[in-house]
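Shown next, in structure tokens, is the structure this report addresses.
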Amino acid sequence: MMSDSTEPPQRHGAEVSRIGQSARIEPEKPAPPRTSARPEPIEALHLGSGDPLLLLHGFMLSPHCWEQTAHRLAARCEVFAPAFAGHWGGAPSRGWSTDIHTLADRIEEQLDEMGWRTCHIAGNSLGGWVGIELARRGRARTLTLIAPAGGWNAPSFTQVRIGLKFLSLVPIIEIGKRTGRFVRHNPLTHRLTKMLLVKNSAAVARADTTAVVEAALHCPVMLPLIFGAMRAPGLSPLSDLSTPVRLLLAEHDRVIPNRVYARRFLRELPESADRILVNQVGHVPMLEAPDRIATLIAEHVYASRGHLRAI
């Protein structure tokens, strides 16, 4: 059985690599100063030059969570980090139920508008799930999955449990919408948010935490996506993915713990896929360890060129 303790998880016939504090990438283009001012919605981050790189955020988040990592990657890649439909900054989403395919459709439209037939893709949580769908459609040169969602069978108790877990947040979100500025800037709100999403709270800027709270309070697709995920069929077998894959598991994932939700990825991804346990980070590691996440993405992108090997 897989464990999310200090021992790295294992799968049949292979070990998962462990990446600790030593993996670093130095930012060549500094990110904008982080302030405590109320952040504004972002339709998409688009910066840098080089290999096309698509960054996909998680459920109820926004492109803000990629800012620090995106600026570190911009010296080497043309980075595009859009907001999902129905999320803060994204296009409207209609209907009482939506699904991964609908989100992927909109991202494909954006890629077409930019002239990106294919690109490198890195996705966190929900973004990883959408990234897999885009890879199946032939849009991915490489795929980096960061604490990916969707690793459950359907129908299954695990699928229902994750749906109920997110449904339990609905009353909290509704209270937050009605209390306005108080909940957005309340130290307790920030502390609880960081407890859920990261391991090292001190490493997360106040503005980044505020952006997470704002995104959660401005996610009209919350209920439609929960209902859609609870009704949707499970992921197709992952063993037939032809795209080079790197799986990054967060050691202290409190949202979708590895011991339950990473099993399918560890078992079914192709033998060639990298399997890495990232030390001392939570479910959204870009918030607390942008250097390490940028390094791990960049390694995978450059390894695909054939003259470098990811380590």
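The values are calculated or read from the model by the stated rules, or taken from the named source; none is laboratory data. A quick note: this is a predicted structure, and the numbers were derived from the prediction, not measured. Note that we place each Cβ from the backbone using ideal geometry, even for glycine, and neighbour counts take in every protein chain shown. Quick note on the areas: whole protein, heavy atoms, side chains included, nothing else; ligands and nucleic acids left out. Shrake-Rupley method; radii C 1.70, N 1.55, O 1.52, S 1.80 Å.
Brief remarks follow.
- The DSSP beta bridges internal to the chain are antiparallel in roughly 20% of cases.
- From phi via Karplus (6.51, -1.76, 1.60), per-residue ³J(HN,Hα) for region 100-112 in Hz, x at Gly/Pro: 4, 5, 5, 4, 5, 4, 5, 5, 4, 4, 5, 4, 5
- Taking all protein chains together and rolling a 1.4 Å probe, PHE166 ends up with roughly 50 Å² accessible.
- q = 0.12 Å⁻¹, region 31-134: log10 I(q)/I(0) [Debye, one scatterer per Cα]: -0.38
- In range of the label at MET114: residues from region 137-156 whose backbone nitrogen is under 13 Å from the point 7 Å along Cα→Cβ: 140-141
- Inter-site label distance for SER242 and ALA203 at 7 Å from Cα along Cβ, in nm: 3.7 nm
- P(r) tail fraction, region 200-305 - alpha-carbon pairs more than 23 Å apart, %: 45 percent
- All other residues whose Cβ lies under 14 angstrom from that of ILE175 are scored, Lys and Arg at +1 and Asp and Glu at -1, for a net of +3.
- For region 78-232, the convex hull drawn through the C-alpha positions has a volume of 131 cubic angstrom per residue.
- Long-range HN-HN contacts of THR98 with modeled amide H, under 5 Å: LEU225, GLY228
- Positive-end residue, the chain charge dipole about Cα centroid, Cβ charges, pick of SER168, LEU241, VAL221: SER168
- For region 48-101, the relative contact order is 39 percent, taking Cα pairs closer than 8 Å that sit 6 or more residues apart in sequence and dividing their mean separation by the residue count.
- Rounded to the nearest whole Hz, the Karplus-based 3J(HN,Hα) values (6.51 cos²θ - 1.76 cosθ + 1.60, θ = phi - 60°) of region 236-242 follow the sequence 5, x, 8, 5, 9, 5, 8, with x at glycine and proline.
- Fully extending the segment from VAL260 to LYS165, taken as 0.36 nm per residue of separation minus the present Cα-Cα distance, adds 32.8 nm.
- Amide H contacts under 5 Å for LEU56, placed H, 5+ residues apart: ALA122, GLY123, ASN124
- Estimated from helical segments only, the mean residue ellipticity of the chain at 222 nm is -11000 deg cm²/dmol, where each DSSP H run of four or more residues counts as -39500 (n - 2.57).
- Karplus (6.51, -1.76, 1.60) ³J(HN,Hα), θ = phi - 60°, over region 136-143, in Hz, Gly and Pro reported as x: 5, 8, x, 9, 9, 7, 9, 9
- Values of log10 I(q)/I(0), in the order q = 0.15, 0.30, 0.31 Å⁻¹, for region 77-134 under a Debye, Cα-only, solvent-free model: -0.43, -1.57, -1.60
- Between amide H atoms placed 1.01 Å from N, distances below 5 Å from CYS77 occur with SER49, all of them 5 or more places distant or on a separate chain.
- Accessible surface, 1.4 Å probe, highest first, among residues THR179, THR142: THR179, THR142
- Rotationally averaged projected area of region 45-84 (alpha carbon convex hull; nm²): 2.3 nm²
- Rounded to the nearest 10 square angstrom, THR193 shows an accessible area of 30 square angstrom against a 1.4 Å probe.
- From the Kirkwood radius over Cα pairs of the chain, Stokes-Einstein at 37 °C and 0.692 mPa s returns a whole-number translational diffusion coefficient of 170 µm²/s.
- Spacing of the two label points (7 Å from each Cα toward its C-beta) at SER156 and ILE173, in nm: 2.4 nm
- Computed with every protein chain present, the accessible area of GLU43 is close to 130 Å² [probe 1.4 Å].
- GNM flexibility winner over the chain from ASP291, ASP112, ASP274 (Cα, springs under 10 Å): ASP112
- At 1.002 mPa s and 20 °C, Stokes diffusion of region 189-255 via Kirkwood alpha-carbon radius, µm² per second: 142 µm²/s
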